[in-house]
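Novice: Could you have a look at this structure, given as structure tokens, before my questions?
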Amino acid sequence: MTISILDWSIIAAFFVISMLIGVYTSKKAGASAKEFFLSGRNMPWWLLGVSMVATTFSADTPNLVTDIVRTNGVSGNWVWWAFLLTGMLTVFVYAKLWRRSEVTTDLEFYELRYGGKSAAFLRAFRAIYLGVFFNVVIMATVSLAAIKIGGVMLGLSPIETLLIASIVTVIYSSLGGLRGVLLTDFFQFFIAMAGAIGAAVYVLDMPEIGSLDGLLTHPNVVDKLDFLPDFNDWNMVIPLLIMPLAIQWWATWYPGAEPGGGGYIAQRMLSAKDEKNAIGATLFFNIAHYGMRPWPWIIIALASLIIFPNVSDMQEAFPHIPVDKMGHDLAYSAMLTFLPAGLIGLVLASLIAAVMSTLSTHLNWGSSYVVNDFYLRFLKPEASDKELVLVGRLSTVVLMLLAAILALALSNALEAFNILLQIGAGTGAIFILRWFWWRINAMTEIAAMIISFVVAIFFEVINPKIDLISIPEGQEYLKLLYGVGITTIGWLTVTFFTKPEKDQVLLSFYRKVKPAAFGWKKVLDRYPQEEQEQGQLPKEIGLMLVGSVMVYAVLFAVGFWIYGNIMAATLSTITAIIGALIIFKSWKGMR
């Protein structure tokens, strides 16, 4: 593939603007740790919402979607579409609670909700477990996508790609803090969307595709178009639809779709101006992320089935790509090699934007854990703001280095996605209930974390070698089901066999966050003077369901309009509009 001077100019301009944003925000970011990690808690909903979408735009996401579509068709996307339910629960129930907590990171929450040494241990351990281990795994999957893009489109080696992708990202992330990340995300999001849409439009005009009608009627594609799996084949329905909608969305922990909110989503909510801006940011994120953005990726994934029906066809076209990096997810990058001069520069810039926006968010988020929840809390409580910012910048560099090393060992994005789901299996319900059920304690979370990890190691590493528990081919979802069941039974048992948190800890949390009182009544009844917050939980759950229907209607409406199914598209559009009207009419009454 030939990269013209115009293409290189577009890419260079993108790098320069990203760097300038980092330099522009560096002075303010260095003023304090709270400014570096939370931008002074003064961010508007639209900037935070776009940043959330830009972060999840990551270059590995179109690769993941392509892998899913080529393997299981459009309906295979329910494995991540189901997380919309989690997202909408965060919007209407948890966003305002996070903002009220006024913590710096979601890990600081542990010593607000729990007390004693177990709470301190939980905060310290998860600072390393999530901020370093999990965070490095996520960044490694993003870096893996960058490796595949660089190899296919630029002929770069994995190490060359990682050096180019990481150096600029580390520089502007470490200079500008969260404010620099947010502003860069805003700029990068529009570049990424323009590139994805432009690429999809061009691919449809390729002679081999023969327009949108040619794509939708091609024999390689027609059996991949349905939004729902074939209900005559329960081996597809159960893992692709029932498991995600019935269990996965509430029972598993996955970065960016944490039940009850968490990670960089919580970081954005905590940096919002107020509760309404926190709610608005997460609502915008869920509409854009699930309802509108997937379709350019899906179109390119479907088109790739015509150009590269099999993985062997890509291997033949790109013989320089290492065999261990070759898979269905490579098809997205492979299709982009057909783009013309000018557009290829924009698309490359958009893919670089996708990589950098995700890496920068995870670097700032991960370093916030290392600094606030480990270094400041346990190693040097007297550290100055200047020192904390320095440690944050140094940890940014180290996290990127670890992610780059791990990326060289991974092979495909779907593999990493499934492993992360398995590790988080069974922990999600705790993150939902801990705000509303007084009985959950620090030992609950410690037990769930240990049990889920051990179960994941058993099913992903040990069981394939000894086959102690038989997992029939095509029923790999049983691993997730076992993980959820074993972990849930484990943490419930530990909860009831350990002491609850002290009343003063529980009351302090309740007074600050003001959750609905129904799950706290046993504690509150012991203190009649305490005001019992009635809350609006039934209304909030109702809005969560309405919001989910609205976004799924948007998702289907876009798809049906593309498919040319006018009746279904019209009905889906009307449903989405009705849902939006209900939500915005209810907005003023929310508190």
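The values are calculated or read from the model by the stated rules, or taken from the named source; none is laboratory data. What you see is a predicted model, and the numbers here were worked out from it, not measured in a lab. Ideal geometry is used to build each Cβ from the backbone, glycine not excepted, and the neighbour counts take in all protein chains shown.
Novice: Filtering region 357-387 down to residues that are modelled with pLDDT of 85 or more, aliphatic (A, V, I, L, M) and touching a helix residue (DSSP H, G or I) at 6+ places or on another chain (Cβ under 7 Å), which residue is farthest from Val103 (Cα to Cα)?
Specialist: Going through the qualifying residues, I end up with Ala383.
Novice: Would you check if there is a residue in region 396-416 being closer than 30 Å to Trp520 by Cβ, crowded, with 17+ Cβ neighbours inside 10 Å and under 22 Å from the mean Cα position of the chain (by Cα)?
Specialist: Checked region 396-416: no residue is closer than 30 Å to Trp520 by Cβ, crowded, with 17+ Cβ neighbours inside 10 Å and under 22 Å from the mean Cα position of the chain (by Cα).
Novice: Quick one: count up the residues across region 505-531 that are over 35 Å from the mean Cα position of the chain (by Cα) and either of a type in the set (Val, Ile, Thr) or surrounded by fewer than 18 Cβ atoms within 10 Å (Cβ to Cβ) (or both).
Specialist: 9
Novice: Here's something else I'd like to know. Hey, Asp226 hits all of (1) modelled with pLDDT of 90 or more; (2) surrounded by fewer than 22 Cβ atoms within 10 Å (Cβ to Cβ); (3) over 19 Å from Gly291 (Cβ atoms) but one; which does it fall short on?
Specialist: Just one mismatch for Asp226, condition (3).
Novice: Looking only at residues that are part of a helix (DSSP H, G or I) and among the charged types (D, E, K, R) in region 340-395, which one is surrounded by the fewest Cβ atoms within 10 Å (Cβ to Cβ)?
Specialist: Lys386
Novice: Go through the residues of region 531-542 one by one and say whether even a single one is in contact with a Phe, Trp or Tyr (Cβ under 7 Å, 6 or more places away or on another chain), small (Gly, Ala, Ser) and at pLDDT below 95.
Specialist: No, that holds for no residue.
Novice: Can you pull out the residues in region 105-145 that are within 20 Å of the chain's Cα centre (by Cα) and hydroxyl-bearing (Ser, Thr, Tyr)?
Specialist: Thr105, Tyr129, Thr141, Ser143
Novice: To continue, here is another question. Exactly one of these conditions fails for Gly559: (1) in contact with a Ser or Thr (Cβ under 9 Å, 6 or more places away or on another chain); (2) of a type in the set (Gly, Ala, Ser); (3) exposed (fewer than 14 other Cβ atoms within 10 Å of the Cβ). Give me its number.
Specialist: That leaves (3) as the condition not met.
Novice: Answer with yes or no whether Lys479 is over 27 Å from Glu108 (Cβ atoms) and either outside the structural domain of Leu270 (by TED's automatic domain parsing) or not polar (S, T, N, Q) (or both).
Specialist: yes
Novice: Among the residues that make up region 434-455, is at least one of them surrounded by fewer than 22 Cβ atoms within 10 Å (Cβ to Cβ), farther than 30 Å from Leu507 by Cβ and not acidic (Asp, Glu)?
Specialist: Looking through region 434-455, at least one residue is surrounded by fewer than 22 Cβ atoms within 10 Å (Cβ to Cβ), farther than 30 Å from Leu507 by Cβ and not acidic (Asp, Glu).
Novice: Restricting to region 253-297, name every residue that is at pLDDT below 85 and β-branched (Val, Ile, Thr).
Specialist: Ile265
Novice: I've got another one for you. Go through region 536-576 and count every residue that is over 26 Å from the mean Cα position of the chain (by Cα), over 28 Å from Leu215 (Cα atoms) and not charged (D, E, K, R).
Specialist: Counting residues in region 536-576 that are over 26 Å from the mean Cα position of the chain (by Cα), over 28 Å from Leu215 (Cα atoms) and not charged (D, E, K, R) gives 2.
Novice: Within region 431-482, how many residues turn out to be charged (D, E, K, R), assigned to a helix (DSSP H, G or I) and touching a residue at least 60 places away in the same chain (Cβ under 8 Å)?
Specialist: Total satisfying the criteria: 1.
Novice: Which residue, of Leu359, Leu376, Leu363, is over 21 Å from Ile159 (Cα atoms) and touching a residue at least 12 places away in the same chain (Cβ under 8 Å)?
Specialist: After applying the criteria, what remains is Leu376.
Conditions tested, residue by residue: (1) surrounded by 24 or more Cβ atoms within 10 Å (Cβ to Cβ); (2) among the acidic types (Asp, Glu).
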residue	(1), (2)
Asp230	no, yes
Asn235	no, no
Leu245	no, no
Tyr254	no, no
Ile265	yes, no
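Novice: Going by the structure shown, is Asn220 part of a helix (DSSP H, G or I) and either over 23 Å from the mean Cα position of the chain (by Cα) or not assigned by TED's automatic domain parsing to the domain that holds Ser101 (or both)?
Specialist: Numbers: part of a helix (DSSP H, G or I): no; either over 23 Å from the mean Cα position of the chain (by Cα) or not assigned by TED's automatic domain parsing to the domain that holds Ser101 (or both): yes.
Judged against the criteria, Asn220 is not a match.
Novice: Another question, then. Within the bounds of region 417-427, is there any residue that is modelled with pLDDT under 95, within 30 Å of Gln534 (Cβ to Cβ) and either in the same structural domain as Ser368 (by TED's automatic domain parsing) or touching a Phe, Trp or Tyr at 6+ places or on another chain (Cβ under 6 Å) (or both)?
Specialist: The answer is yes, given that some residue of region 417-427 is modelled with pLDDT under 95, within 30 Å of Gln534 (Cβ to Cβ) and either in the same structural domain as Ser368 (by TED's automatic domain parsing) or touching a Phe, Trp or Tyr at 6+ places or on another chain (Cβ under 6 Å) (or both).
Novice: List, please: which pairs have Cβ atoms under 8 Å, are six or more places apart or on different chains, and start with a residue in region 236-255 that is assigned by TED's automatic domain parsing to the domain that holds Thr90 and on the phi < 0 side of the Ramachandran plot and end with one that is modelled with pLDDT of 85 or more and among the acidic types (Asp, Glu)?
Specialist: If the second residue must be modelled with pLDDT of 85 or more and among the acidic types (Asp, Glu), the pairs left are Met236/Asp230; Val237/Asp230.
Novice: Oh, and also: What pairs can you find where one residue is in region 492-517 and of a type in the set (Lys, Arg), the other is not in a helix (DSSP H, G or I), and their Cβ atoms are less than 7 Å apart, with a gap of 6+ or different chains?
Specialist: These pairs meet every condition: Lys502/Gly115; Lys514/Glu533.
Novice: Tally the residues that are in a loop (DSSP other than H, G, I, E, B), farther than 18 Å from Met449 by Cβ and of a type in the set (D, E, K, R), restricting the search to region 239-275.
Specialist: 2
Novice: In addition: Applying the selection to region 194-250, what residues are out of contact with any helix residue (DSSP H, G or I) (no Cβ under 8 Å at 6 or more places or on another chain), over 18 Å from Gly559 (Cβ atoms) and among the β-branched types (Val, Ile, Thr)?
Specialist: Selection gives Val237, Ile242.
Novice: Here is a follow-up. Just the residues that are more than 18 Å from Gln248 (Cβ to Cβ) and aromatic (Phe, Trp, Tyr), please, taken from region 454-503.
Specialist: Within region 454-503, Phe458, Phe496, Phe497 qualify.
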